[in-house]
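**Student:** Can you read through this structure? Questions will come right after.
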Amino acid sequence: MEIDTKTLVSLLQAAMSADYTQVRRAANILSKRLLDAKDVDSAKAIQAVVRKKGVPLQASGYVERLPVDAGTRLPLLEEGSAPTTPLILDESAGHVVAQFIEDATHHDQLEQAGVDAPIRLLMFGDPGTGKSLLASHIAAQLGRPLYIARLDALISSRLGETAKNVRGIFDFIPVRNAVLFLDELDAIAKLRDDRQELGELKRVVNAVIQGLDTLTNDVIVIGATNHPHLLDPAIFRRFPYKLELGPPSEGTRAEMWRTFLRLHAHDMPDAETLARLSEGLTGADIQNISLSARRRAVLDKTDLNLPNILLALLSSRRGSPSLLDSRKLTSDDKRQLAVTLHDRAKLPVTDIARLVGVSRQMAHRYLKGEDGEIDG
Ligand SMILES: Nc1ncnc2c1ncn2[C@@H]1O[C@H](COP(=O)(O)OP(=O)(O)OP(=O)(O)O)[C@@H](O)[C@H]1O
Ligand SMILES: [Mg+2]
């Protein structure tokens, strides 16, 4: 990566004036640049330094005063760190994100022309589809701090306190030039069932709506929910940009397998095979299986174990997410794999034999339904 002098200068300036918020911000920009340049290790190294924020912060007597819950004294917001995982999105989702970032970057220009809208993005999608990751990428891309409010954590058992907590967030945010991330937005809606107290629900929904309405347009807001249909329509409407994150497409899955397994370009056909067989898995599923495969490879001092990755993948698809174990495959496993690779991935026998780790003759036998007991 080329040296980014502007960020470097602002980093030094921040360090000399002991402004650790600014230090973290500059570090986040740097690590995001490294991530874009596919230098994941350097990005992680920077994040590891920044995460030890307790040390310099306390040494300097600097503590950022985040708003807290009156009862528990727990902070209502946390400052997110820059992502260390690259974001891999379908083309259409990537397009929405790019446009959102472009509009956010050129908001002044749009405002002058009288065509601006509040820069607010509502994301919905199943758990593990990358909503939280995307929020941190957007903040990093814009070079702004990310403040995360988990709405489920704001809900207080004391009547009236939840709405107060919501107001606490919106009082804190305006002057931060930040990205506010309202995570688990549907938690508000669930108040209705938990409390059987419509008055409280209304108060909280109103506090969110009023809070959003008081924010100036330079505050960027991202909301996330697993259940968009539970969301109050008035809140829904206050997010002009919307993005549904569905299960990743086959091409996106291939890129995920390649990235998370750290496959080389010449192993791309294997990533494509894995992609073809992993329909319905989320980015989080693919990352979990990949990481567990790499852990086994490190500890067993071996190469990646593709047959076991395939088995873990198939079992996740059947609805029982499983991490990889490095047990030896039984001949039943091998037959099942061979048949799946043949029927669903349409692979030629040579590839099936290689992936399952048997001879071509044996692969043929599996496919013909003959038993393979004699194969070791
Ligand atoms: N599109 C993606 N690209 C890269 N990594 C992904 C993607 N989706 C998920 N992941 C991986 O899975 C992890 C979990 O995803 P994330 O926490 O962003 O999901 P989420 O949609 O916020 O889920 P939840 O609804 O449970 O909060 C991420 O940190 C990342 O490592
Ligand atoms: Mg999340």
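The values are calculated or read from the model by the stated rules, or taken from the named source; none is laboratory data. Predicted, not measured: the structure shown is a model, and the values here were computed from it. Note: ideal-geometry Cβ built from the backbone for every residue, glycine included; neighbour counts use all protein chains shown. Remember, those area values only see protein heavy atoms, side chains included, never the ligands or the DNA or RNA. Shrake-Rupley method; radii C 1.70, N 1.55, O 1.52, S 1.80 Å.
**Student:** In Å², and per residue, what accessible area does the chain have when probed at 1.4 Å with the other protein chains present?
**Tutor:** 51 Å²
**Student:** While we're on this one: Please report how far the C-alpha centroid of region 108-148 lies from that of region 240-254, rounded to the nearest whole angstrom.
**Tutor:** After rounding, the separation between the Cα centres reads 16 Å.
**Student:** Next up: What would the Debye equation give as log₁₀ I(q)/I(0) for the chain at q = 0.08, 0.10, 0.11, 0.12 Å⁻¹, counting only Cα atoms as equal point scatterers?
**Tutor:** Summing over Cα pairs of the chain leads to -0.53, -0.77, -0.89, -1.00.
**Student:** May I ask you to order 127-139, 312-324 by the average number of other C-beta atoms within 10 Å around their residues, highest value first?
**Tutor:** 127-139, 312-324
**Student:** Quick check on region 85-233: what does the Kirkwood estimate of hydrodynamic radius come out to from the alpha carbon pairs, in Å?
**Tutor:** Mean inverse Cα-Cα distance, inverted, gives 16.2 Å.
**Student:** So if each residue of separation counts as 0.36 nm, and I subtract the Cα-Cα distance between residue 21 and residue 298, what length gain in nm does that give?
**Tutor:** Answer, rounded to one decimal: 96.1 nm.
**Student:** What spacing in nm lies between the two simple spin-label points modelled at residue 49 and residue 276, each 7 Å away from Cα in the Cβ direction?
**Tutor:** Result for the modelled spin labels: 4.6 nm.
**Student:** If R₀ is 25 angstrom, what is the calculated FRET efficiency for the pair residue 157 and residue 234, using the beta carbon separation as r and rounding to 0.05?
**Tutor:** 0.45
**Student:** Enumerate the aspartates and glutamates that residue 6 could reach by cross-link, defined here as Cα to Cα under 19 Å, with residues fewer than 8 away along the same chain left out.
**Tutor:** 19, 36
**Student:** Once amide H atoms are built 1.01 Å from N in the peptide plane, which residues 5 or more positions from residue 223, or in another chain, come under 5 Å H to H?
**Tutor:** 121, 122, 123, 182
**Student:** Non-local amide H neighbours of residue 245 (under 5 Å, H modeled in plane, Pro and chain starts lacking H): which ones?
**Tutor:** Sorted by chain and number, the residues that satisfy this are 124, 125.
**Student:** I'd like the accessible area for residue 333, computed on protein heavy atoms only with a 1.4 Å probe and all protein chains in place. Round to 10 Å², please.
**Tutor:** Its accessible surface works out to 20 Å², give or take rounding.
**Student:** Below 22 Å Cα-Cα, how many Lys pairs turn up in region 65-245? Only count pairs eight or more apart in sequence, or on different chains, if you could.
**Tutor:** Close lysine pairs found across region 65-245: 6.
**Student:** Largest first, how would 184, 102 line up by accessible area (1.4 Å probe)?
**Tutor:** 102, 184
**Student:** Name the residue from 110, 307, 369 whose Cα lies farthest towards the positive end of the charge dipole of the chain, charges +1 on Cβ of Lys and Arg and -1 on Cβ of Asp and Glu.
**Tutor:** Toward the positive end, the furthest listed residue is 307.
**Student:** Among all the lysines, which ones have a C-alpha under 24 Å from residue 301's C-alpha, if same-chain residues fewer than 8 places away are not counted?
**Tutor:** 44, 328, 334
**Student:** With a 1.4 Å probe and all protein chains left in place, how much of the accessible area of the chain comes from carbon and sulfur atoms, in whole percent?
**Tutor:** Carbon and sulfur: 52 percent of the exposed surface of the chain.
**Student:** Considering the dipole of the chain built from charges on the beta carbon (Lys and Arg +1, Asp and Glu -1) around the Cα centre, which of 216, 27, 1 is farthest to its positive end?
**Tutor:** 27
**Student:** Nearest 500 deg cm²/dmol is fine: what mean residue ellipticity at 222 nm does the chain get from its DSSP H runs of n ≥ 4 alone, each adding -39,500 (n - 2.57), divided by its residue count?
**Tutor:** It lands at -17000 deg cm²/dmol.
**Student:** With every protein chain left in place and a probe of 1.4 Å, what is the accessible surface of residue 268, to the nearest 10 Å²?
**Tutor:** Estimated to the nearest 10 Å², residue 268 gives 50 Å².
**Student:** Separate question: Once you charge only the Cβ atoms, +1 for Lys and Arg and -1 for Asp and Glu, what is the size of the charge dipole of the chain about its Cα centre, to the nearest 20 debye?
**Tutor:** For the chain, the charge dipole is close to 780 debye.
**Student:** Something else now. For residue 242 paired with residue 65, estimate the spin-label separation in nm (one decimal), with each label point 7 Å from Cα along the Cα-to-Cβ line.
**Tutor:** A separation of 4.0 nm, rounded to one decimal place.
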